[in-house]
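Notes follow the structure.
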Amino acid sequence: MPRRTLPPPPPPAYLRTWPDRNALLADRGMALEALRRQSLGVHRLLLLWLFALGCVIGWALLTVPIEMVEDHDPMAFILGPLCAILGLGALAPSVIGVILGIRSDRKTRELTDGWLALDSHPAADSTLRSPGLSLFWLLSSLFMCALGLWASFAAAAYAEPGRDSYSDVVLGMGAGLILWLTGLIGITKAVGHYRWAIRRLGPAPATNGAHR
């Protein structure tokens, strides 16, 4: 998965050369901000959707041989294997990209915990909560899940004998499953970030209105 270079882990105690606490907090803040952008940036969500699109295209190509066999197309023996190879060529890199993205998120979380453990600066660390980005991930992923469930059930429930072939149903249900799994990954990430923020940073401070 293409990704930006992550900040290095904090140096061990015997190699730390910060002249004072302000210098430590400055480097700590820059590292944590870079990790926050890498983890919850909008570009990561768009990249996840791009991989989902690659999976849908790959799945669509894999269903072409089934459709050709159903239609008794004589070119099935030639074009069928070609479409299957192209489908796997689109599907496999997308799946690998998603897996590498999940591993990158784990590495990012470990680095964030390491930099947080260096010191405490609640005013600066509050930005790590990123409630707006977390909510955006959650709502957009819920929509993706709903779209995937609708596509899957619609493909099976509204298939008309004689008009919709078996390959059409397989295509619709497979694409819907891919969308649902994509949304589930996003929801898991948003909820996981919220739970991590509560555990490491504590509850968000309440905003009190002005009292007369």
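Brief remarks on what is shown
- Neighbours by Cβ (under 7 Å, 6+ apart or cross-chain): first from segment 64-84, touching a residue at least 24 places away in the same chain (Cβ under 8 Å); second β-branched (V, I, T): I66/V170
Conditions (1) in contact with a Lys or Arg (Cβ under 7 Å, 6 or more places away or on another chain); (2) modelled with pLDDT of 90 or more; (3) open to solvent by 80 Å² or more (accessible area, probe 1.4 Å); (4) in a helix (DSSP H, G or I), marked per residue:
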site	(1), (2), (3), (4)
T5	no, no, yes, no
W18	no, yes, no, no
G29	no, yes, no, yes
A34	no, yes, no, yes
C55	no, yes, no, yes
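- Checking T17 against (1) closer than 24 Å to I185 by Cα; (2) free of Cβ contacts under 8 Å to residues at least 40 places away in the same chain; (3) of a type in the set (S, T, N, Q), the condition it does not meet: (1)
- Residue, surrounded by the fewest Cβ atoms within 10 Å (Cβ to Cβ), within segment 140-160, restricted to residues that are modelled with pLDDT of 95 or more and of a type in the set (S, T, Y): S140
- Scanning segment 61-106 for residues that are part of a helix (DSSP H, G or I), exposed (fewer than 13 other Cβ atoms within 10 Å of the Cβ) and modelled with pLDDT under 90 turns up F77, I78, P81.
- Top-ranked residue in segment 121-139 [being of a type in the set (A, V, I, L, M, F, W, C) and modelled with pLDDT under 90; ranked as most open to solvent (accessible area, probe 1.4 Å)]: A123
- Residues that are more than 25 Å from the chain's Cα centre (by Cα) and open to solvent by 30 Å² or more (accessible area, probe 1.4 Å) within segment 162-178 comprise G162, R163, D164, S165, Y166, D168, V169, listed in sequence order.
- Scanning segment 179-189 for residues that are buried (at least 23 other Cβ atoms within 10 Å of the Cβ) and of a type in the set (A, V, I, L, M) turns up just one, L179.
The values are calculated or read from the model by the stated rules, or taken from the named source; none is laboratory data. Computed from a predicted model, the values in this text were never measured in an experiment. Reconstructed Cβ throughout: ideal geometry from the backbone, glycine too, with neighbour counts over all protein chains shown. Heavy atoms of the whole protein, side chains included, go into the accessibility calculation; ligands, DNA and RNA do not. Shrake-Rupley method; radii C 1.70, N 1.55, O 1.52, S 1.80 Å.
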